[in-house]
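This report concerns only the one structure given below.
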Amino acid sequence: MALREIIILPDKRLREISKPVAEVTSEIRKLADDMFESMYDAPGIGLAAIQIAEPVRLITMDLVRKEGNGASEPRAFINPEVIGSSAELNIYEEGCLSIPEYYAEVERPKTVRIRYTDLDGNVKEEDADGLFATCIQHEIDHLNGVLFVDHISKLKKAMVVRKFEKAAKRGIKYV
Ligand code: NI
């Protein structure tokens with residue numbers, strides 16, 4: 001496993017459309033290992049491969065692990081897609097490892113049905129609710145070059161984007 005650098009706004013690679021994984025190879029499993037290590041180190045609850053500059057459709061997630069509680073539920077989603085969503089919406093305060101220290105409320109479908117491939121190559125379908133629904137939709141957005149700030153007001157988005165552009169110009173790195 002290797003700790004990888006997480007790219008941050010306004011890095012243009014965050015806008016790339018990630019490519020589907022054709023086959024679950026040892027390289028993909030190694031990439032997932034690197035993503036788990038980088039995600040836990042940050043710390044964060046979800047990470048898309050593009051956030052470590054790998055434009056492939058792979059997401060890691062752990063909604064259970066908290067510092068010191070010893071619990072852990074690492075999950076990887078390959079080629080994940082939303083195949084159904086509830087009309088009912090839900091609002092969660094979201095953050096993103098690629099937009100450090102910024103949080104905003106985002107409205108999304110409350111529940112979604114997803115299809116994905118796991119690290120053993122099995123195709124699965126599952127219903128996601130609550131934080132899981134929010135997180136998987138946020139991460140799938142990353143695979144399509146979409147960031148959570150694309151879902152907030154234009155004014156708020158312009159303010160946060162400008163803040164990160166200024167910081168990048170001054171060479172400040174949020175780590
Ligand atoms: Ni994110």
| request: Please work out which one of (1) over 11 Å from the mean Cα position of the chain (by Cα); (2) at pLDDT 95 or above; (3) under 16 Å from A32 (Cβ atoms) is the condition E73 fails and give its number. | output: (2)
| field | Residues located in the range 34-48, provided they are free of Cβ contacts under 8 Å to residues at least 60 places away in the same chain and among the hydrophobic types (A, V, I, L, M, F, W, C) | value | M35, F36, M39, A42
| remark: Given (1) within 15 Å of the chain's Cα centre (by Cα); (2) open to solvent by 60 Å² or more (accessible area, probe 1.4 Å); (3) free of Cβ contacts under 8 Å to residues at least 60 places away in the same chain, L31 misses just (2)
| Residue ranges of strands (runs of 3 or more DSSP E) in the range 55-130 with at least 3 members open to solvent by less than 70 Å² (accessible area, probe 1.4 Å), under 17 Å from H151 (Cα atoms) and within 16 Å of the ligand (Cβ to nearest atom) | 89-96, 99-109
| note | Over the range 12-22, the set of residues touching a residue at least 12 places away in the same chain (Cβ under 8 Å), open to solvent by 40 Å² or more (accessible area, probe 1.4 Å) and assigned to a loop (DSSP other than H, G, I, E, B) is E16, I17, P20
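The values are calculated or read from the model by the stated rules, or taken from the named source; none is laboratory data. Keep in mind that what you see is a predicted model, and the values were worked out from it rather than measured. All Cβ positions, even for glycine, are placed from backbone atoms using ideal geometry, and neighbour counts span all protein chains on display. Each accessible area value is taken on the protein alone, full model and side chains, heavy atoms only, with ligands, DNA and RNA left out. Shrake-Rupley method; radii C 1.70, N 1.55, O 1.52, S 1.80 Å.
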